[in-house]
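To start, the structure under review is shown below, and the notes come after it.
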Amino acid sequence: MNSSTHIKVLDKYFQPYISAEKIDQVVTQLAKAITQDHANDRPLFIAVLNGAFIFASDFLKKIPFDCEISFIKTKSYEGTSSTGEVLELIGLDEDIKGRTVIILEDIVDTGLTIKKLLHTLQQKEPKVLKIATLLFKPDAIQHQFPIHYIGLEIPPKFVLGYGLDYNGLGRNYPELYQLVQ
Ligand code: 5GP
């Protein structure tokens, strides 16, 4: 690997992909769109850990109206429901019944994680349940559901940085990198 801008994380090389400045613009646009739609709703943002923690932090600082934020981890298990699409939500203390809830996700790839999350949260009867994702891979999606706010559409290649990891490493980079194949 010749380029000095490439980084090595464990056994893989990554090249610079989306700059911190561009990410900031995208997060600002997302915050503006959600402000237009929900400034009077006192929404509860639910950020999905671990990947969304940096996005959620930057996003929330750009929200100029009353809102709350909660952080959850999800854990899949074999449910007793007929669909089997059950997720255990770790950390959601709020009662979301009748509330406007907006999920903050770092990336939607196949869509399986968000689909299960929507299913589980819907049963708690929020008034409005929406998704805001920083990154979306339209060519990788395998599950259909509306994604209300999309920061950037990207090709189905593995990315790292800005909260996203490779085997636990790389979350600390302020910009996004793409796997070199
Ligand atoms: P999905 O359920 O949509 O297939 O995948 C969602 C999860 O897979 C994301 O929350 C993220 O943790 C992980 N993921 C998907 N694509 C990428 C990627 O390009 N880079 C990293 N670091 N994680 C990814």
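The values are calculated or read from the model by the stated rules, or taken from the named source; none is laboratory data. Just so we're clear, the structure is a prediction, and the values are computed from it rather than from any experiment. Virtual Cβ from ideal backbone geometry, glycine too; neighbours counted across all protein chains shown. Note: areas computed on protein heavy atoms with side chains; ligands, DNA, RNA excluded. Shrake-Rupley method; radii C 1.70, N 1.55, O 1.52, S 1.80 Å.
Of note:
- Amide H contacts of residue 52 (H built 1.01 Å from N, under 5 Å, at least 5 apart or other chain): 106
- Working from label points 7 Å from Cα in the Cα-to-Cβ sense, the residue 57 to residue 13 distance is 3.1 nm.
- Most fluctuating residue given options 163, 98, 51, as computed from a GNM of the chain linking Cα atoms under 10 Å: 98
- If you take the Cα centroid of segment 37-70 and the Cα centroid of segment 128-181, the two points sit 17 Å apart.
- Rounded percent of accessible protein surface that carbon and sulfur make up, the chain, 1.4 Å probe: 46 percent
- Cα→Cβ-extended label distance, 7 Å offset, between residue 65 and residue 109, nm: 3.4 nm
- Accessible area per residue for the chain is 52 Å², calculated with a 1.4 Å probe on protein heavy atoms, without ligands, DNA or RNA.
- In segment 78-181, the inverse of the mean reciprocal separation of distinct Cα atoms equals 15.2 Å; this is its Kirkwood hydrodynamic radius.
- Modelled spin-label separation between residue 93 and residue 39, with each label point placed 7 Å from Cα along the Cα-to-Cβ direction: 3.1 nm.
- Gyration tensor over the Cα atoms of segment 82-140: the corresponding equivalent ellipsoid has semi-axes (square roots of 5 times the eigenvalues, largest first) of 20, 14, 10 Å.
- Relative contact order (percent, whole number), the chain, Cα cutoff 8 Å, 6+ residue spacing: 25 percent
- A Cβ-based charge dipole, computed about the Cα centre of the chain with Lys and Arg at +1 and Asp and Glu at -1, lands at about 120 debye.
- Isotropically averaged projected area of segment 142-181, using the convex hull of Cα atoms (one quarter of hull area), nm²: 4.0 nm²
- Using the Karplus relation 6.51 cos²θ - 1.76 cosθ + 1.60 with θ = phi - 60°, the per-residue 3J(HN,Hα) values for segment 36-49 come to 4, 8, 9, 4, 9, 9, 6, x, 9, 8, 10, 8, 8, 7 Hz, with x marking Gly and Pro.
- Histogrammed with a bin width of 5 Å, the alpha carbon distances of the chain distribute as 1, 8, 17, 20, 20, 16, 10, 5, 3, 1, 0, 0 percent, first bin at zero.
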